[in-house]
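Notes to accompany the following structure.
The values are calculated or read from the model by the stated rules, or taken from the named source; none is laboratory data. These numbers were taken from a predicted model, which means no experiment stands behind them. As a convention, Cβ positions derive from the backbone with ideal geometry for all residues, glycine included, and neighbour counts pool all protein chains shown.
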């Protein structure tokens, strides 16, 4: 889930579900599975969670591309700056 309070210029911070986040009207989330499934959880209408499913692949071990297979949602490429069990830092 997006820990936007920790973001810095150009770097987005994500924490695992269950992290003790401060209260917020809504939080984006990213979900990756080993089989290549990617689910983007943007904030939808009225701050309700939404979902957009696609596929993810790595381009060089530090970058990944999420593809959604439709023209309404373009591919999303991000650079992984740090990833461990407690935090994911990406540059979009």
Task: Residue in the range 1-30 that is surrounded by the most Cβ atoms within 10 Å (Cβ to Cβ), counting only those that are free of Cβ contacts under 8 Å to residues at least 12 places away in the same chain and over 14 Å from residue 90 (Cβ atoms) - done: 18
- [ ] Name every residue in the range 1-56 that is at pLDDT below 95, closer than 18 Å to residue 83 by Cα and touching a helix residue (DSSP H, G or I) at 6+ places or on another chain (Cβ under 9 Å), in order of residue number.
- [x] 28
